[in-house]
1. Please list, in order along the stretch 28-38, the HN-Hα scalar couplings obtained from phi with the Karplus expression 6.51 cos²θ - 1.76 cosθ + 1.60 (θ = phi - 60°), rounded to whole Hz, x for Gly and Pro.
2. Just grab the label-to-label distance for residue 105 and residue 60, each label 7 Å out from Cα along the Cβ direction, in nm (one decimal).
3. Take the Cβ-Cβ distance between residue 41 and residue 93 as r, set R0 to 25 Å, and report the resulting FRET efficiency rounded to the nearest 0.05.
Amino acid sequence: MDIMVRAPIETVQTILRRAFLSSGFRMTLSSPYGGKAEKQAPHTEDPSKAPAVSFSVDFEVLRLEGISVVRLHKKDSTKAPAASDAHGDGKQFSQLIEVLSGWFNQHGCLQGILWL
């Protein structure tokens, strides 16, 4: 999934960091043009409950002629094999896309979303 924005890389990084943080994600940059965002589920003290689930995405920012493309790569959730739920991951991914595109739109730099 790609989000097209018109903004300097520093602005893109700032908006990404704020949007991820507002959604409970921790963002780490591996370079000025990419990194990882991860959301840890709350841990439970009850051993009879399923283990905590984390959700993460890798992202990269591609610079084109006057446009930046924020490309998100969904990673598999970390959870017990029996508890695998691809639908839940898809829902979290869709919600994250809505949040990120909303933040870019609020700052007047959203140019479009490509669902590839």
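1. Whole-Hz 3J(HN,Hα) from phi for the stretch 28-38: 10, 8, 9, 6, x, 10, x, x, 9, 10, 9.
2. About 2.7 nm, to one decimal.
3. Using R0 = 25 Å, I get an efficiency of 0.95.
Quick note: the coordinates plus some simple rules give every number you see, no bench work behind them. Since the structure is predicted, the reported quantities are computational estimates derived from the model, not experimental observations. Quick reminder, even Gly has a Cβ in these numbers, built from the backbone with ideal geometry, and neighbours come from all protein chains shown.
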